[in-house]
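Here is the structure we will look at.
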Amino acid sequence: MAAGRVALGLTALAWPTAPARPWVGAAADDLAARVLGRALGARDIALGLGALAALQRPAGELGSAREWVAAGAVSDALDVVVTVSSWRELPRQGRWLVVAFAGGAALAGGAAALAMWPTQPGAAT
C-alpha cells in the first residue's frame with residue numbers, strides 16, 4: 001500500500017490531470033485543479049515514504065509504521081467524505097470510481113494498521 005501511494009503521488013506530480021480527471025472531470029484541466037492535484041500527490045508521496053521508512057524498522061518497532069499507515073487510511077477516508085459531500089456536482093462514473101478506490105484503500109489501510117497493533121501485554125507500540 002505504501003509503495004502504491006508513492007507511485008500515485010509521483011503520477012499526480014508529473015501528470016496531475018491523470019488522477020484528477022476521473023474525480024472532477026474536465027475541471028482537471030484548470031490550473032487550480034492541477035495545483036491541487038500536485039499537492040495531493042505530494043501528500044501521498046509523504047505518507048507513502050513515511051510508511052516505507054517506518055516499515056524498515058525491526059518487527060518489534062512497528063508502532064511508527066502503524067501510525068503512518070493509519071494516517072494514510074484516514075486520508076483516503078476523508079477523500080471519500082469530500083467526494084460524497086460534492087456527489088451531485090461530480091462526474092457520475094468518476095465519483096463511484098473514487099469512492100470505490102479511496103474507500104477500499106481506507107479499509108485496507110485501516111486493516112493493515114490494526115494488524116500491526118501489538119497483541120501481547122507489554123509489547124512495543
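Brief remarks follow.
- Calculated FRET efficiency for the pair TRP87/ALA7, C-beta based, R₀ 41 Å, to 0.05: 0.90
- Dipole of the chain, positive end: most advanced residue of GLY109, ALA18, ALA46 [Cβ charges, Cα centre]: ALA18
- The length gained on full extension between TRP117 and SER64, counted as 0.36 nm times the residue separation minus their Cα-Cα distance, comes to 18.0 nm.
- Ellipticity at 222 nm from helices only: DSSP H runs of n ≥ 4 in the chain, each -39500 (n - 2.57), divided by the residue count, give -25500 deg cm²/dmol.
- From the coordinates shown, Cα extents along the principal axes in Å corresponds to which of (1) 53, 41, 22; (2) 52, 27, 16; (3) 36, 30, 24: (2)
- The chain, relative contact order [Cα under 8 Å, separation at least 6], %: 28
- Residue of ALA70, ALA32, ALA12 that the Gaussian network model of the chain assigns the largest fluctuation, springs spanning Cα pairs under 10 Å: ALA32
Taken together, the values in this text are just the output of simple stated rules run on the coordinates, not laboratory data. Predicted, not measured: the structure shown is a model, and the values here were computed from it. Because the Cβ atoms are built from the backbone with ideal geometry, glycine has one as well, and the counts that use them run over all protein chains shown.
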